[in-house]
Structure formats: C-alpha cells, structure tokens
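The values are calculated or read from the model by the stated rules, or taken from the named source; none is laboratory data. Quantities reported herein were computed from a predicted structural model and do not represent experimental measurements. Here the Cβ is made from the backbone with ideal geometry for all residues, glycine too, and neighbour counts use every protein chain on show.
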Amino acid sequence: MTIAARKNNHIDICLREDVRSHITNGFEKYRLIHNALPEADFDNYSVATVFLEKKISAPFLISSMTGGTEQGELINRNLIEAAAELDLPFAIGSQRIYLTDPDVKVFPYRKFAPDIPILANAGAVQMNYGFGRDDFLRAVDMIEADALILHFNPLQELIQRGGDTDFSGLLHKIESLCRDFPVPVVAKEVGWGISCDAAMKLRGAGISMIDVAGAGGTSWSRVESRIDGNAGMLSLAAAFDDWGIPTAECLRSIHDMDSSIPLIASGGITNGVEAAKAVRLGASIAGMAANILPAAMEGANAVCDVLNRTVMQYKIAMFISSGIEKCV
C-alpha cells in the first residue's frame, strides 16, 4: 500500500469508525480545586502564553494529523487558516511522503500563517531506514517550521502490515541529530504515552520538549488493524485495545521527576476542562487532533468554532480553580 493510500485510509477510518482506546486519558481521576474567590475581572483575564518564542492566544496546539494527499492538504489548509485566525500553533502530520516522493508538493503553510508557531514532523524510526540529518532539515525548511517533532510509534509499526520495526540504536542517533540542530526537537508518542524512564533518556539525548501523547484518544493499533481488515490481524490487535499510559499519568510522573522538562499534553483531550487539568499537572500546552478532525473536513470556520469553545472552557476552568487534586 502506498503512503498516500494509507494516509487517506487513516482519515476515513478515524472519521467513520470508533477507534478510541479502551482506556481513558486519566483526567477523570483528578479534580480541579474550585476557587469561589477569583479576585480578578474575567473580561481582563488572559490565557495568552509563549510557545517556541512566539506569543499565542492560549496554550493549545493543533496536533499532527495528516498531509501529502488531496484530502490531507484540504484538512491542513482548514487547520492552518484557523490556527492563523486564532493565533494558535499548528503541527503537520508525518512528512515522510514529501521527503520520499518528489511529485508530492507541500502546501505553503507559512504563506497562510506568517506569525504562528509551526511544527514539522517525521518518524524517529526512519533514522534506521535511510533518513539522515539532511532529511530532517528538509522537513523543517519546506514548511519554515519553528520546531521538529520526532514521533515514536512502535506499536503502530508492529501492527501495520509492512511496518518499519527496527527501533534499535535510536537514542544515539537522536543525540547526534539534536546536537546543534537549528530548531528545538520535540519527542512525541502517537497515543500510548511516554514513560518517565523514556522521557529522562530522551531529555538526556538533547530533546527540548516532550509531547506525552498518552493513551485515551485514538488507538493506532485499532486503526491499522481495520485498514488491514484480516480477521487474524483484527484479533491480534484487539489484545492491545487497552494498552498504554493514560495522558494524565504521563504528565504527573514526568513532571514530578523533572519539572524543568517542557511538556505538551495530548492524547484524548476533548475539552477545555481536561486541558486545564493537563496544565495544572505540569503541561505547558495541550494538543488536540481527533476532536478537531470532523470540523476540519467542513472548513476553517468550523475549526474555529470548536477551538473557540474549547479555549473558553479552558479560560473559565483556570479562572475558577486554584489547583488540582487526585480524587479519592
């Protein structure tokens, strides 16, 4: 199956079928501490922050979804227009298709969003399949990105027919890549979470930021098994429906171990209250993908509607809370 066909199948299945993880993102185990005395004027209350040295209107990231196909480019155009309108950062999906097929031309994202943070994206495992420093530099340059995401997806690759399964020796290669790389490098899982141990190793190798991308959202083992369609593969993948580390637990454990590590919270976040819990647990910013995808099929205005509602939920939650506690 070509990369383009697989990307289109990913989109179709995520829109059409229930491919959520069978475990939650973990935020239901935490409660924001209500503050009846905010001592502030909500009309003047700002949730603006700085991300990748650029001011953004709220700590929300449009997380990596797709790109490189006609359908994918339409989705990304709607996403980037919404991101520019709302002053929010945007992360592109895997750029492997652009880097390996010279006939696939990248959309001029920076033309539509000159001021927001944009993040490039490539699979870390590709370092064992011919990708070198120049390829990652091309990924950054082609969209004038402010950072590079290296995504980690061993379970997805193992379920995917013909997946790339050699994950040996990556840490040393990551360390070499991060050394003097012109933009920050972000380590990101794709929906099963990053453990505290893995986070410390990645940080030691020079990773600037970690997107925990924990369990509780889209399960890519479920997606890949449905693309395959074989009964044996569906049965094999089903054993991993409840696999992974919930997003909230990734945040808590990593932040408790080393609070200096900048964290992105993604993985099943569906509303602004969950985003507020993520920030209270140590995240710098919250990422959303699947929750925005249906709106991205409609247009930029629909994406803005979803994000405006989510940001308002976040703003209210932060305004009337003073901290977070674990539920008894």
Seminar exercise, completed: Of Ile207, Ile149, Ile159, the only residue that is over 18 Å from the mean Cα position of the chain (by Cα), among the β-branched types (Val, Ile, Thr) and modelled with pLDDT of 95 or more is Ile159
Exercise. From His22, His34, His10, which residue is closer than 30 Å to Glu249 by Cα and surrounded by fewer than 13 Cβ atoms within 10 Å (Cβ to Cβ)?
Worked result: His34
Problem set entry | Flag if Ala238 is at pLDDT 95 or above and in contact with a strand residue (DSSP E or B) (Cβ under 6 Å, 6 or more places away or on another chain) | no
Problem set entry | Subset of the range 90-119 (residues that are within 18 Å of Glu189 (Cα to Cα) and either in a helix (DSSP H, G or I) or acidic (Asp, Glu) (or both)) | Arg96
Exercise. Between a first residue in the range 188-207 that is over 22 Å from Val223 (Cβ atoms) and a second residue that is in a helix (DSSP H, G or I) and polar (S, T, N, Q), which pairs have beta carbons less than 7 Å apart while being 6 or more apart in sequence or on different chains?
Worked result: Cys196/Ser253
Exercise. Between a first residue in the range 298-325 that is closer than 13 Å to Pro38 by Cβ and among the basic types (Lys, Arg) and a second residue that is at pLDDT 95 or above and crowded, with 16+ Cβ neighbours inside 10 Å, which pairs have beta carbons less than 9 Å apart while being 6 or more apart in sequence or on different chains?
Worked result: Lys315/Val47; Lys315/Ala58; Lys315/Gly272; Lys315/Ala276
Seminar exercise, completed: Residues of the range 238-276 being buried (at least 24 other Cβ atoms within 10 Å of the Cβ), part of a helix (DSSP H, G or I) and among the hydrophobic types (A, V, I, L, M, F, W, C), in sequence order, are Ala248, Cys250, Leu251, Ile254, Ala275, Ala276
Problem set entry | Subset tally (residues that are farther than 23 Å from Ile245 by Cα, under 19 Å from the mean Cα position of the chain (by Cα) and in contact (Cβ under 8 Å) with a residue 24 or more places away in the chain) for the range 14-52 | 4
Problem set entry | Selection from the range 180-204 of residues that are under 26 Å from Met65 (Cβ atoms) and either acidic (Asp, Glu) or modelled with pLDDT under 95 (or both) | Glu189
Seminar exercise, completed: Pairs returned, first residue in the range 104-120 that is touching a residue at least 60 places away in the same chain (Cβ under 8 Å) and farther than 16 Å from Pro182 by Cβ, second residue that is hydroxyl-bearing (Ser, Thr, Tyr) and buried (at least 19 other Cβ atoms within 10 Å of the Cβ), beta-carbon separation under 9 angstrom, 6 or more apart or interchain, are Val104/Thr69; Val104/Tyr98
Exercise. Can you find a residue in the range 47-69 that is of a type in the set (A, V, I, L, M, F, W, C), part of a helix (DSSP H, G or I) and either within 16 Å of Ala290 (Cβ to Cβ) or at pLDDT below 95 (or both)?
Worked result: no
For this session: Give the residues of the range 172-199 that are surrounded by fewer than 16 Cβ atoms within 10 Å (Cβ to Cβ) and assigned to a helix (DSSP H, G or I), sorted by residue number.
Result: His172, Glu175, Ser176, Asp197
Exercise. Can Arg6 be described as in a helix (DSSP H, G or I), of a type outside the set (Ser, Thr, Tyr) and free of Cβ contacts under 8 Å to residues at least 40 places away in the same chain?
Worked result: no
Problem set entry | All positions within the range 284-299 that are assigned to a loop (DSSP other than H, G, I, E, B) and over 25 Å from Val50 (Cα atoms) | Gly299
Problem set entry | Some residue of the range 297-312 being crowded, with 24+ Cβ neighbours inside 10 Å, in contact with a Pro (Cβ under 9 Å, 6 or more places away or on another chain) and of a type outside the set (S, T, N, Q) | no
